Amino acid sequence: MLKTSTINAEPTSRQLSAARRFTRRLATSHYENFTVVSFLLPRRLHQDFYNIYAYCRHADDLADEIPDILQARQALARLRAGVRNLYLNQSPAVSPPPGNFDNQASNHHHSPAETAILTALGDTIRRHALPWQPLMDLISAFEQDRRINRYDTHEQVLDYCTRSANPVGRLVLALCGYHDEHRISLSNDICTALQLTNFWQDVRRDYVERNRIYLPREDMKQFGVTESDIASAHCTPAYRNLIRFQVDRAQELFDRGHALIRLIRAGVRADIALFSAGGQAILQRIRVLDYDTLTTRPALGKVAKFTLILRAMTGQIG
C-alpha cells in the first residue's frame, strides 16, 4: 500500500505498481451483474478497466458508507479536488476542468486507499487522454444521493442516470479509442438501462439500507403502489405490474443501444457486449421471479456468468 497522503504528478514505479495492485484487488473482489474484466478483453486494457472501476466504486462508497452527511460531502469534495489536481498536472493534450484552482487543490490529504486509486487513475488519464467531465459527473451523482432519496418523475431518474451511469460508458469508449457522439449516444442508452436494471433489482435493498426509492412517485401512483408496500416487502399484483412496466422500459433502452456492439472493433467487442448481456440477464431473472423484487433479489450465479462468457466467445452476443 502507498504510504504517501498526497498525489505525486509523476509517481515512482514502485508507487504505481502498488496502486495498480490495489485497484486490481478492489475490482476483482466485488460482485457485479457483469464481469468488469474478462479474459476476452485485451490484456493491455485490463489495468485501465480496474483503475476506472476502482474510482467509481470508491466514489460510490464515500456516498454510501459514511453515515454523517457532512462528512460524506467533504470526502467527495476531497476526491473531486484530487481528480482536478490530476488534470492540472497533465500535458496540454488533456484539458483540465474549468474553474478557479488555487493551491488548496494540491494540499488535500487523502487516505492510503484514495491515494492508490488516484495514482492509478492518473496513469490511465495520462496514457488515454481521458475526458475529465465523466469523472466529475460521477461525483455529482453520488453527491445527489446524499441530498435526494425520492424521485417524482421518470425524467428525474433519467437525469440522475446521465451522471451516475452514462459517464462510465464514455470512459470505457475512451479507453477503446472512441470519442464520437454516435457511439456515446448508444452507450448512454445501454448505461442508463444498466442503471435502471440495478434499481429494479435492488428496490428492497435500497429502501432498507439507504432509505432510497428510485421508483418514480408518478409511476407508483399510476399503478397503485405505496411506500408502505415496499417497507413491508408486500409484493402485490400492483407492484408486479409496476416492475413489469419498468423492466420493459429498461429493455427498450438495451434494444436501442444494441447497435453499439457492432460499432466496436472485434478485439474489445465481446467484453463490452458482456456489460449489456449481464444487465439483460438480470431483467430476465426478474421476469422469471414474476417481477417480485421485494422478497427475492435477482442475481446471476457463476453458471449464468460463465454461460454469458461462452456465448460471447462464440459470437452469440453482439
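Readers should treat all values here as calculations from the given coordinates under stated rules, not as data from a laboratory. As the structure is a prediction and not an experimental result, all values here were calculated from the model. Counting neighbours? That spans all protein chains shown, and the Cβs are built from the backbone with ideal geometry, glycine included.
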For the stretch 197-213, 3J(HN,Hα) per residue [Karplus equation, 6.51 cos²θ - 1.76 cosθ + 1.60, θ = phi - 60°, Hz, x = Gly/Pro]: 4, 4, 4, 6, 5, 10, 3, 5, 4, 4, 6, 5, 8, 10, 6, 10, 10
Residue list for the stretch 40-59, given a label point 7 angstrom along the Cα-to-Cβ vector of residue 21 and an amide N cut-off under 15 Å: none
In whole Å, how far is the Cα centre of the stretch 43-94 from that of the stretch 128-146? 8
Listed by chain and number, the residues whose amide H is under 5 Å from that of residue 292, excluding neighbours fewer than 5 places away on the same chain and using placed H, are none
Sorted by Cβ neighbour density within 10 Å, fewest at the top, the residues 154, 182: 182, 154
May I ask you to evaluate 6.51 cos²θ - 1.76 cosθ + 1.60, the Karplus curve with θ = phi - 60°, for each residue of the stretch 123-137 and list the ³J(HN,Hα) values in order in whole Hz, giving x for glycine and proline? 5, 5, 4, 5, 7, 10, 6, 4, x, 7, 4, x, 5, 6, 4
Placed amide H near residue 146: partners under 5 Å, 5+ positions off or other chain: none
How large is the dipole of the stretch 154-255 about the Cα centre if only Lys and Arg carry +1 and Asp and Glu carry -1, each at its Cβ, rounded to the nearest 20 debye? 280
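Grab the beta carbon distance between residue 70 and residue 208, set R0 = 30 Å, and tell me the FRET efficiency rounded to 0.05. If you can, show how the numbers build up before the last one.
Working: r = 24 Å, r/R0 = 0.79.
Rounded to the nearest 0.05, the efficiency is 0.80.
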With a ≥ b ≥ c taken as the square roots of the eigenvalues of the C-alpha gyration tensor of the stretch 161-244, please select rounded if a/c is under 1.5 and otherwise prolate if a/b is larger than b/c or oblate if it is not? prolate
To the nearest 20 Debye, how big is the dipole of the stretch 148-318 about its Cα centre, given +1 on the beta carbon of each Lys and Arg and -1 on that of each Asp and Glu? 600
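Any idea what the alpha-carbon Rg over 2.2 N^0.38 Å comes to for the stretch 240-302? Before the final figure, lay out each step's value.
Details: Rg = 13.6 Å, N = 63, 2.2 N^0.38 = 10.6 Å.
Cα Rg divided by the expected 2.2 N^0.38 Å: 1.28.
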